[in-house]
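The values are calculated or read from the model by the stated rules, or taken from the named source; none is laboratory data. Treat the numbers as computed from the prediction; the structure is a model and nothing was measured. Cβ: placed from backbone, ideal geometry, glycine included. Neighbour counts: every protein chain shown. The accessibility values were calculated without ligands, DNA or RNA, using every heavy atom of the protein model including side chains. Shrake-Rupley method; radii C 1.70, N 1.55, O 1.52, S 1.80 Å.
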Amino acid sequence: MKRALLTELRRTDTPRTREGEVAESPLSTLLRPAAGQPFRWAEHQGRELLLVEHPRCQAVFSRQGGQLLHFQPQGERPLLWCAARWPRIGAIRGGVPVCWPWFGRHPMESGWPHHGWARLTDWRLTAKESFDAGVRLCWRLELHDWLVELEAELGDEMRLQLSTRHRDSEPCVLSHALHAYWRVSDVARVGLLGLDGAEGDDLLNREPCRQEGELRIIDGCHKVFRQGGKVHIQDPGWQRRLCVDGTGNPDTVVWHPGSRPLSDASWAEGLGFVAVEAAACGDNSLTLAPGEEARLNLRARVV
């Protein structure tokens, strides 16, 4: 019964293009390559966007959050999922939100925003360049005694590095994540490889967990594994394997709401992603001394 309902929701609720073809991305219509102009600005749903149109890839960033919303290497389906409709005010669901300087709820201030300030604040584009293999960009956020930079290198694959420099005179606690939404044909059919034996915490069941073999999303998942490394998203519906590489990071977070309501996206729309995130959170939150720097790295490619 549930599968039949999901099928019907796909028919009625999924964005479509001509002759019933399912749209590749809700941002695709913004991307019309202009010869010799790899970067251009546009406005969409009240947000200022940077469009990247290069022979090797296409991408879309939002100035709000310094957020990569769309990335598509030449000849491939989009790697990232993004909701078609965005709230008038607040965070955009999709792409790679920067969760900073805390992950999840603030441990002491219940009224402060979920996942921190970074994804709600306008960042400054400090550098951009185009070369034969792709593009490089750098976004910067300066907030109080923190300096945060997101460096992106995009071409046949995606590379992101989030750097935080602490400039206060006292130590400060930091937890952060690159909360990537990966586009898939159907979350119920994909398998995640590379976490066998990983230990962590199941935040839905509020208990420790240890992964045995392939991870599949049955009806929701929110697990924080205390290891970085490579996770392969095996997608039989699209005959695609996506390598998500968080080598060197303390944690890997896997999340999907399952049948629970998802704000800013329909149930059927939510079937098209699984979140595999680079993080340092929970027990692996950091205490930065004055002048100390923390980094998160995230790479992805089709293999």
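Details
- Residue match in the stretch 23-30 (condition: open to solvent by 30 Å² or more (accessible area, probe 1.4 Å) and modelled with pLDDT of 90 or more): yes
- Count - residues of the stretch 74-92 that are closer than 17 Å to H44 by Cβ and open to solvent by 50 Å² or more (accessible area, probe 1.4 Å): 3
- Cβ pairs under 8 Å, 6+ apart, first in the stretch 119-132 and farther than 24 Å from P97 by Cβ and of a type outside the set (D, E), second outside any strand (DSSP E or B) and open to solvent by less than 50 Å² (accessible area, probe 1.4 Å): S130/P38
- Test: residue in the stretch 40-55 that is β-branched (V, I, T) and either modelled with pLDDT of 95 or more or surrounded by 23 or more Cβ atoms within 10 Å (Cβ to Cβ) (or both): yes
- Remark: pairs (first residue in the stretch 259-284, over 15 Å from A188 (Cα atoms); second residue among the polar types (S, T, N, Q) and open to solvent by 50 Å² or more (accessible area, probe 1.4 Å); Cβ separation under 9 Å; 6+ apart in sequence or on different chains) = A278/N297.
- Candidate set: the stretch 216-257, residues that are charged (D, E, K, R) and not in a strand (DSSP E or B); chosen: the one modelled with the lowest pLDDT: D219
- All told, D202 falls short of being at pLDDT below 95, surrounded by fewer than 18 Cβ atoms within 10 Å (Cβ to Cβ) and more than 16 Å from L162 (Cα to Cα).
- In summary, R226 fulfils each of the numbered conditions (1) without any contact (Cβ under 8 Å) to a residue 60 or more places away in the chain; (2) under 18 Å from G270 (Cβ atoms); (3) surrounded by fewer than 21 Cβ atoms within 10 Å (Cβ to Cβ) with the single exception of condition (2).
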